[in-house]
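Have a look at the structure below before the remarks.
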Amino acid sequence: MTQDVVIVTEAAALHVKEMIKHNEEEGAFLRVSVQGGGCSGLTYGMGFDHEVTEQDLQLEQYGVQILVNKEDAAILKGTKIDYKQSMMGGGFTIENPNAIASCGCGSSFRTATATGTPEEC
């Protein structure tokens with residue numbers, strides 16, 4: 001059940017591992033979260049965390065330890081995080097099958113059951 005909340009591709013995992021090493025965050029978890037805001041009402045958050053709480057689901061994919069707050073799990077279920085490299089550089093991409101609307105920036109969205117707190121762009 002928890003493994004399919006967030007799916008991290010091998011390319012994304014490799015980049016996260018590089019970032020952990022570069023930022024001297026050994027032992028850190030990748031926290032994937034949802035916050036209110038953005039043009040569509042919700043935004044994604046990703047960062048390093050060293051604390052696991054009882055509200056967290058803990059996953060491991062390609063050697064990366066991942067934390068997702070249980071409240072965010074339903075909104076994120078099935079979300080795929082990838083890392084793509086292009087001529088203009090690289091970056092993480094997030095594909096959420098629960099999103100029914102998203103903003104042009106690609107980081108703001110809403111679902112049928114969670115509208116968040118939209119802001120003006």
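Quick rundown of the values:
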{"read-out": "M46 being in contact with a Leu (Cβ under 9 Å, 6 or more places away or on another chain) and open to solvent by 40 Å² or more (accessible area, probe 1.4 Å)", "value": "yes"}
{"read-out": "Filter result for the condition that a residue is within 16 Å of N96 (Cα to Cα) and modelled with pLDDT of 95 or more, over A28, A12, A73", "value": "A12"}
{"read-out": "Strands (runs of 3 or more DSSP E) wholly inside the range 1-99 containing at least 2 residues that are among the small types (G, A, S)", "value": "29-37, 41-49, 89-95"}
{"read-out": "Any chance E95 is surrounded by fewer than 18 Cβ atoms within 10 Å (Cβ to Cβ), more than 13 Å from the chain's Cα centre (by Cα) and at pLDDT 85 or above", "value": "no"}
{"read-out": "Filter result (surrounded by fewer than 17 Cβ atoms within 10 Å (Cβ to Cβ) and either touching a helix residue (DSSP H, G or I) at 6+ places or on another chain (Cβ under 8 Å) or under 13 Å from V8 (Cα atoms) (or both)) within the range 61-72", "value": "Y62, G63"}
{"read-out": "Evaluation of V5 against (1) out of contact with any helix residue (DSSP H, G or I) (no Cβ under 7 Å at 6 or more places or on another chain); (2) open to solvent by less than 50 Å² (accessible area, probe 1.4 Å); (3) closer than 17 Å to E95 by Cβ; (4) of a type in the set (A, V, I, L, M) (one fails), failing number", "value": "(1)"}
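The values are calculated or read from the model by the stated rules, or taken from the named source; none is laboratory data. Computed from a prediction, not measured in an experiment: that's the story for all the values here. Heads up, the Cβs are rebuilt from the backbone with ideal geometry, glycines too, and the neighbour counts pull from every protein chain shown. In case anyone asks, the SASA skips ligands and DNA or RNA and just uses the protein heavy atoms, side chains included. Shrake-Rupley method; radii C 1.70, N 1.55, O 1.52, S 1.80 Å.
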